[in-house]
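What follows is a short report on a single structure.
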Amino acid sequence: MKIQREESWGYDARTLDYIRHASATGLYEIRGLGAKRRVPHFDDLLFLAASLSRYPLEGYRERCSTKTVLGTRFATKPIELAIPITIAGMSFGSLSANVKEALGRAATEAGTSTTTGDGGMTEEERGSSKTLVYQCLPSRYGFDPDHVRRADAIEVVIGQGAKPGGGGMLLGQKVNPRVAAMRTLPEGVDQRSACRHPDWTGPDDLAIKIRELREITDWEKPIYVKVGATRTFHDVKLAVHSGADVVVVDGMQGGTAATQTVFIEHVGIPTLAAVRQAVDALEDLGMKDEVQLIVSGGIRTGADVAKALAMGADAVSIGQGVLMALGCNSDAWIRGARDDGSGGEHVRCDDDYAALGAAPGYCHHCHTGQCPVGVTTQDAVLEQRLQPPVGARRVRNYLKTMAMEVSTIARACGKQDVHHLEREDLVALTVEAAAMAGVPLAGTDWVPGR
Amino acid sequence: MTVLASFDLSRTPLRDVNRFLHRELGDTTHVRIERPDGAHSIAVGLDAPVRVDVDGHAGYYAAGMNKHATVVVHGNAGPGVAENMMSGTVRVKGFASVSAGASARGGLLVVEGDCGLRCGISLKGADIVVGGSVGSFSMFMAQAGRLVVCGDAGDALGDSLYEAVIYVRGEVKSLGADARFEDMTDADLTAVAGLLAQAGLRHDPREFRRIASARSLYHWNVDANQEY
């Protein structure tokens, strides 16, 4: 007898897994990384580039600037970066000290910035990062005025794309003595990161908070405001009204160290929709060139970067992508690399993935602290699997590759500066992407809703 | 020897006053700030053992992120007085608004009058002594440090406490999730007596009750069904 294998759309394998887990445990799932569902994204956009109606620059020889300046509105010391690609805030606690050092070294070599996270500033990170953005989060874990003074910019975090409105958590298994001491909490306790700031509520208060930070830093350092993408048009306007030099918009594809899956997959809007709303808000206020926009959430490739810039972003910020570059979800880690991070022996770790109930390419178990490749762990043994030189080399190469891809596309579009990419250079592959991005459907002059 | 500097905030921009406090103190040991008129961010980010007297009411974040300095507000203080203080002493002679001492990691905050909502929210090691009463949600998610309240406390006191401890002399309208009354030990009596002495307030420590965390939220508990 023929066995029917028609899968239900409504009750597919993923939904069945969810129902079985819920019914067996009474617990919602908590996991790391970002949304796995397919949403309209930069993949749904294409560049038109030059032909008869546009004049291209030669592929990689003619000059095309990637220089990026952030924080020009009020700060007396804006940040100058060599490339428009920055490293997003990720906490010491979710990541090991080795990883934070590797990110700092890579960013410095690539001429860009890295960012602290919910857990304070480590010496490894400050020491290795030429340009370091210091986050001021609702939890204020480890927040220290000395670190404010040592930072190159301050980022007030309102929300995160993976969990806007949701705060955060660091499960007890990752809270080793050093992490606990930095956060002034007992070892091994689940740490809630608050969803609201303790000393201000609402945009009017935020304006005063930002002025406090400016007074403390004698108006030198740029102040960023980061929002998770939801009501982005209004949030960006309010951030600008509050006095931000730079607004960071993190779309729903953004990653997290540990959050409820229901948040990751069902809260917030895609980065593609958010970036257009953010640019609309800046243009509506006449602040497009005065307040810089950084976009994050699912930026993976040079093409993504170029499309974000063309949409109107001044820079992008990457979290998960750099974790992947470090080795996240790889089937092996490197032992015995040379001092420059090259060479070494690949050590397979499939069994470690299996012990977590995962496999290379499918792992999102950052919350467990048992990362098989030593990236998202505080375990003294596991963290040795990612040595700073190896991580720094990989991330530097990743950043360099993306920067070259962006400038290659920019040249093909006839631009001498990657920041000259514009929405007019883009078309959409789908109606949804066309509507969200506000660009024509490919082969037409139709922009849905206009 | 005391070396005094004075500023009139109606004449000198706040930015210049704070810059002086950050970078130009030199031998100055005492700074007087006159006519503050509720300005925000007065004497924020100090990092020296200087005494600062604010002769009037202060707005938001007075003495925010203080290190080493002694700041006295001769009036009322707005939201977030001494927020994220690391060390030193901040004294408010009048009342303090919401979020007094928020996230403060060290030092002593004394409010001689009452405090608004969320006094000591997210506290991380500092001591706070309040001569009057505190509003609702005080010490929300407080991690470490001590709050002494000589008057009453509002609703949801100590919600989601970690290791911070609260001492209240008057009535407590309600406790927050995971907060509970505990017996006063000799160590608690000594602690309260010491803090009252530092604050210059005279009460019998035996009149205070201790509130601390039951630690039942230290690990997420599905069986609580979110009915904390």
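Of the residues making up region B:43-75, those that are assigned to a loop (DSSP other than H, G, I, E, B), within 14 Å of another protein chain (Cβ to nearest Cβ) and under 18 Å from B:Val3 (Cα atoms) number 5.
All conditions but one from (1) away from every other protein chain (no Cβ under 14 Å); (2) closer than 29 Å to B:Gly120 by Cβ apply to A:Lys209; the one that does not is (1). One residue is enough: does region B:177-191 have a residue meeting the conditions within 24 Å of B:Ala77 (Cβ to Cβ) and either at pLDDT 95 or above or not in a strand (DSSP E or B) (or both)? No, because not a single residue in region B:177-191 is within 24 Å of B:Ala77 (Cβ to Cβ) and either at pLDDT 95 or above or not in a strand (DSSP E or B) (or both). Considering (1) farther than 17 Å from A:Val395 by Cα; (2) away from chain B (no Cβ under 14 Å), the lone condition that A:Ile154 does not fulfil carries the number (2). Only residues that are touching a Phe, Trp or Tyr at 6+ places or on another chain (Cβ under 8 Å) and not in a loop (DSSP other than H, G, I, E, B): list them for region A:361-402, please. If the condition is that a residue be touching a Phe, Trp or Tyr at 6+ places or on another chain (Cβ under 8 Å) and not in a loop (DSSP other than H, G, I, E, B), then A:Arg385 is the only one that fits.
Residues in region B:57-72 that are surrounded by fewer than 24 Cβ atoms within 10 Å (Cβ to Cβ) and among the hydroxyl-bearing types (Ser, Thr, Tyr): 1 in all. Applying the criterion of being more than 9 Å from chain B (Cβ to nearest Cβ) and out of contact with any His (no Cβ under 7 Å at 6 or more places or on another chain) to the residues of region A:192-206, the residue that is nearest to A:Asp118 (Cα to Cα) is A:Ser193. State the number of residues belonging to region A:141-167 that are touching a Ser or Thr at 6+ places or on another chain (Cβ under 9 Å), in a strand (DSSP E or B) and under 20 Å from A:Thr201 (Cβ atoms). Number of matching residues: 3. In region B:122-132, is there at least one residue being among the polar types (S, T, N, Q), at pLDDT 95 or above and under 26 Å from B:Val92 (Cα atoms)? Yes, some residue in region B:122-132 is among the polar types (S, T, N, Q), at pLDDT 95 or above and under 26 Å from B:Val92 (Cα atoms). Select from region A:251-269 the residues that are surrounded by fewer than 24 Cβ atoms within 10 Å (Cβ to Cβ) and either touching a Pro at 6+ places or on another chain (Cβ under 8 Å) or acidic (Asp, Glu) (or both) and list them in ascending order. Correct list: A:Glu265, A:Val267. You will find that of B:Gly131, B:Gly75, B:Gly125, B:Gly154, the residue that is over 23 Å from B:Ala197 (Cα atoms), surrounded by fewer than 24 Cβ atoms within 10 Å (Cβ to Cβ) and of a type in the set (Gly, Ala, Ser) is B:Gly154 and no other. Filtered by the rule that a residue be free of Cβ contacts under 8 Å to residues at least 24 places away in the same chain and of a type in the set (Asp, Glu), region B:191-220 gives a lone residue, B:Asp204.
Checking A:Thr259, A:Thr232, A:Thr217 one by one, the residue that is at negative phi, within 14 Å of another protein chain (Cβ to nearest Cβ), within 17 Å of the chain's Cα centre (by Cα) and in contact (Cβ under 8 Å) with a residue 40 or more places away in the chain is A:Thr259 and no other. The residues of region A:7-63 that are surrounded by 13 or more Cβ atoms within 10 Å (Cβ to Cβ), assigned to a loop (DSSP other than H, G, I, E, B) and within 14 Å of another protein chain (Cβ to nearest Cβ), listed by number, are A:Tyr28, A:Glu29.
Quick one: in region A:159-177, of everything that is more than 21 Å from the chain's Cα centre (by Cα) and free of Cβ contacts under 8 Å to residues at least 40 places away in the same chain, which residue is farthest from the other protein chains (Cβ to nearest Cβ)? Step by step, filter region A:159-177, then rank; the result is A:Pro177. Only one of the numbered conditions (1) within 11 Å of another protein chain (Cβ to nearest Cβ); (2) buried (at least 22 other Cβ atoms within 10 Å of the Cβ) is violated by A:Tyr224, and that is (1). A search for C-beta distances below 6 Å between a residue of region A:74-92 that is farther than 19 Å from A:Asp250 by Cβ and any residue that is acidic (Asp, Glu), counting only pairs 6+ apart in sequence or on different chains, returns A:Phe74/A:Asp245; A:Ala75/A:Asp245; A:Thr76/A:Glu220; A:Lys77/A:Glu220.
Do we find a residue being away from chain B (no Cβ under 13 Å) and under 29 Å from A:Asp379 (Cβ atoms) anywhere in region A:136-149? The answer is no, given that none of the residues of region A:136-149 is away from chain B (no Cβ under 13 Å) and under 29 Å from A:Asp379 (Cβ atoms). Looking across region B:78-96 at every residue that is over 19 Å from B:Leu201 (Cα atoms) and surrounded by fewer than 23 Cβ atoms within 10 Å (Cβ to Cβ), the one that is nearest to the other protein chains (Cβ to nearest Cβ) is identified as B:Met86.
Considering the conditions (1) modelled with pLDDT of 90 or more; (2) over 30 Å from A:Arg192 (Cβ atoms), A:Gly59 is excluded by exactly one of them, (1).
Within the set B:Gly101, B:Gly145, the sole residue that is facing another protein chain (nearest Cβ under 10 Å) and outside any loop (DSSP other than H, G, I, E, B) turns out to be B:Gly145.
Okay, residues lined up against (1) closer than 30 Å to A:His266 by Cα; (2) surrounded by 20 or more Cβ atoms within 10 Å (Cβ to Cβ); (3) not hydrophobic (A, V, I, L, M, F, W, C):
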residue: A:Asn98; (1), (2), (3): no, yes, yes
residue: A:Ala102; (1), (2), (3): no, yes, no
residue: A:Ala107; (1), (2), (3): no, yes, no
residue: A:Ser113; (1), (2), (3): no, yes, yes
residue: A:Asp118; (1), (2), (3): yes, yes, yes
residue: A:Glu124; (1), (2), (3): no, yes, yes
residue: A:Cys136; (1), (2), (3): yes, yes, no
residue: A:Arg140; (1), (2), (3): yes, yes, yes
residue: A:Ile158; (1), (2), (3): yes, yes, no
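The values are calculated or read from the model by the stated rules, or taken from the named source; none is laboratory data. These numbers come from a predicted model, not from an experiment. A quick note on method: Cβ atoms are made from the backbone with ideal geometry, for glycine too, and the neighbour counts reach across all protein chains shown.
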